[in-house]
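The values are calculated or read from the model by the stated rules, or taken from the named source; none is laboratory data. Treat the numbers as computed from the prediction; the structure is a model and nothing was measured. Here the Cβ positions follow ideal geometry from the backbone for every residue, glycine too, while neighbour counts run over all protein chains shown. The protein model used for the area step is the full one, side chains on, heavy atoms only, and it has no ligands, DNA or RNA in it. Shrake-Rupley method; radii C 1.70, N 1.55, O 1.52, S 1.80 Å.
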Protein chains: 2
Amino acid sequence: MAGKIRRGRPRQAEVAKLAGVSQTTVSLVLGGNKQGIVIQEATRQRVLEAARTLGYVPDPAARRLAAASNNLLGVFSFTATFPTDPAHSYYPFLVGVEREAAERGFDLVLFTGSSSGGGRAAAPGALERVRLADGCLLFGRHVPTEPLRRLVDDGFPLVHVGRRDEIAELAWVGADYVAASSEVVSHLVAAGHRRVVLVREDDDAPASTDRERGFREGLAPAEGSVVRVGAPADELTAEWVRARRAEGVTAFVAEETDTGAVWRALHAAVTAAGLRAPDDLSLALLGSPPPDLPLATPVTGFDIPRAELGTAAVRALTDLLAGQRPGATLARCAFRPGATSGPPPPGESP
Amino acid sequence: MAGKIRRGRPRQAEVAKLAGVSQTTVSLVLGGNKQGIVIQEATRQRVLEAARTLGYVPDPAARRLAAASNNLLGVFSFTATFPTDPAHSYYPFLVGVEREAAERGFDLVLFTGSSSGGGRAAAPGALERVRLADGCLLFGRHVPTEPLRRLVDDGFPLVHVGRRDEIAELAWVGADYVAASSEVVSHLVAAGHRRVVLVREDDDAPASTDRERGFREGLAPAEGSVVRVGAPADELTAEWVRARRAEGVTAFVAEETDTGAVWRALHAAVTAAGLRAPDDLSLALLGSPPPDLPLATPVTGFDIPRAELGTAAVRALTDLLAGQRPGATLARCAFRPGATSGPPPPGESP
DNA sequence: CACTCTTGCTAATGCGTATTAGTTGGGTGG
DNA sequence: CCACCCAACTAATACGCATTAGCAAGAGTG
């Protein structure tokens, strides 16, 4: 339907005709000429001039097909609702990705996934479109291992943003959730809390696993428990909060996920229970609150350096393109003291 | 330097061999077969089976090369600091652009590379790179007419986001700044202000011209003046504000630009003068405040429906690709009452 | 029985670029 | 003076798929 043939786009053959040389020469002048074939300066200039006159730009598909590169880096997200929901943690990364890509002279292709339209999960073959680019950045809490492995096995350059160890050869850049989570929990424990609960989603994304590990590490003298919720909004009720309080829990920690569902639900439940942080209990978030949820007080937690991760990812990807193994990146997250945590309420010291 | 591709991937030819048919047949079965060529069911199944066995996946580059279109919509910005500064009004549009592009099965290419790297203005030939896509969205307060005209004359499908009449054949989608600005100013006048000043940048982008027109239209019984500033931060000082106040000006209106410079400067100047809105004077902004400037109180003004404009732009562009003239779009902006305006201070009624 | 139609496929070609294997015309060396 | 080389190109081909123009075999007409 959209596939009108546009005669407007000039090809190398036309440039060649105008410059009075062969298409090969045009390719040599405009492409890298990696074979080091000698071309006279005068000819070179004629070709360049002709290309400029016609507004020639190489066709990325043809370039790719002929097994060269096209200065395009892909960005692919596995999350179903790729761009629709601004709450998704995708845009902040993009800022860094874009800056670094520009710096290195790459353009960006946003593979908006689906192609089937609508907010459904990505169509089966969607990931394969990525091959149009020279390499690709991957986002997403969960990734379908099978199609990915194919790309990896074919040697297609990929960098996943976020730790991802299922596929050994897949490069990734990530944030140190373990250390950051540990720091947040230590902060609570130092304030005097002795019973802390972590609320997390009921699946095993690395991002969750790491946070739980950090949670346990930071707990030290205190006692902690972990609650997995499948449907946060339903399971985290005011009664649930009261019951935990009755058991002596004075601090609640939620993990940040791409949708922010856990934190939203916890926050709502606490509010519904008529409790307030930091006076009645302490709240902390292993990450940042969703930007679309305006809060009066800053939340205790940590900030993921998303833009920096984005630039690191681009760097890793260009390393791969250059044939080097990229160095591992584990970015440090900044602790955010916030104002939702403090000492446990008076009557509750052990 | 880049782009080795390993040849592990099966092609149609291999599927064909396994199924005992020709490559054409494979293409027919696996591709759309839009020509309606009849294939026996048994053959079809054999091909599908073979494809599954080998794990065949079509090469997007080859597909696009053959189809003469590549399902790519471009996004290009003329602003020098294209992606670096998240304060630029570019991302909010992108949300809508991306959603609509996904809906219609297009991928997006962000032309940030410009081969110049760094934050400088786009390189001379940068715009030509755009031809890589099937069509392109254009952003920017100012656009270089000459290179643009070439693209337009070549029939390259372009849609500018924002009113743009210098080039007659250039399609655009815009917001109705005239009506929205008029509404904001009427609001001030209705509150009792009789002397209102508009601060705007000293150049003639359509976005500014339209706002000024709306400003004048909404002024009705009040008296207004327009101040053009070249270097907002330098020219808008505390003294300047005091001088205007002394002349009886009780309301200040700033235009929103891509950098937000005018509003930032006005806001800073008022603060420096020790004045507060809405008690000492009223402030309004013809647009939204830059997101990176956190303000305690919401600002009187209007909200540009950026995401909607983004989707409208994509719609217009795909219309162009389909060979139809897109309908004009002039989106309505929502009035935002805010809390920086009110009646003029008591002693100052006429 | 000579003929046209259909059915179900295949051979050939084009898309735009990169690369490999030449080709030409003018020196050089021996 | 002739074989040889070199500089500066060009012709030909491959890349993987879509598409167009066939083509063989059988079914249907008159």
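Tabulated data for the structure shown
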item	result
A:TRP263 being aromatic (Phe, Trp, Tyr), more than 24 Å from the chain's Cα centre (by Cα) and in the same structural domain as A:SER182 (by TED's automatic domain parsing)	no
Given (1) farther than 24 Å from B:GLY174 by Cα; (2) not in a helix (DSSP H, G or I), index of the condition B:ALA265 fails	(2)
Elements of type strands (runs of 3 or more DSSP E) in region A:281-334, at least 2 residues being farther than 30 Å from A:SER69 by Cα	A:282-286, A:300-303
Hits in region A:72-105 - residues which are acidic (Asp, Glu) and modelled with pLDDT of 85 or more	A:GLU98, A:GLU100, A:GLU103
Residue identified as of a type in the set (Asp, Glu) and modelled with pLDDT of 95 or more among A:GLU308, A:GLU255	A:GLU255
Region B:245-254, residues that are farther than 23 Å from B:GLY338 by Cα and assigned to a helix (DSSP H, G or I)	B:ALA246
Hey, B:ALA66 in a helix (DSSP H, G or I) and more than 7 Å from DNA strand D (Cβ to nearest atom) or not	no
Residues that are at pLDDT 90 or above and either within 13 Å of DNA strand C (Cβ to nearest atom) or among the acidic types (Asp, Glu) (or both), drawn from region A:19-41	A:VAL21, A:SER22, A:GLN23, A:THR24, A:THR25, A:VAL26, A:SER27, A:LEU28, A:VAL29, A:LEU30, A:GLN40, A:GLU41
Conditions (1) small (Gly, Ala, Ser); (2) in contact with a Leu (Cβ under 7 Å, 6 or more places away or on another chain); (3) open to solvent by 10 Å² or more (accessible area, probe 1.4 Å); number of the one not met by B:GLY174	(3)
Tally of residues being near DNA strand D (Cβ under 10 Å from one of its atoms) and either touching a Ser or Thr at 6+ places or on another chain (Cβ under 6 Å) or touching a residue at least 40 places away in the same chain (Cβ under 8 Å) (or both) across region A:24-61	1
Hits in region A:294-324 - residues which are away from chain B (no Cβ under 14 Å) and free of Cβ contacts under 8 Å to residues at least 40 places away in the same chain	A:ASP303
Subset of region A:42-60 that is within 11 Å of DNA strand C (Cβ to nearest atom) and assigned to a helix (DSSP H, G or I) - its residue that is surrounded by the fewest Cβ atoms within 10 Å (Cβ to Cβ)	A:LEU54
Region B:107-133, residues that are at pLDDT 80 or above, within 7 Å of another protein chain (Cβ to nearest Cβ) and under 18 Å from the mean Cα position of the chain (by Cα)	B:ASP107, B:LEU108, B:VAL109, B:LEU110, B:PHE111
Looking only at region B:48-65, and only at residues there that are facing chain A (nearest Cβ under 9 Å) and small (Gly, Ala, Ser), the one that is farthest from B:PRO147 (Cα to Cα)	B:GLY55
Region A:9-23 residues that are within 12 Å of chain B (Cβ to nearest Cβ), paired with ones that are not aliphatic (A, V, I, L, M) and not in a helix (DSSP H, G or I) (beta carbon under 7 Å, 6 or more apart)	A:PRO10/A:GLY55; A:PRO10/A:TYR56
Which numbered condition A:LEU275 fails, given (1) touching a residue at least 60 places away in the same chain (Cβ under 8 Å); (2) crowded, with 16+ Cβ neighbours inside 10 Å	(1)
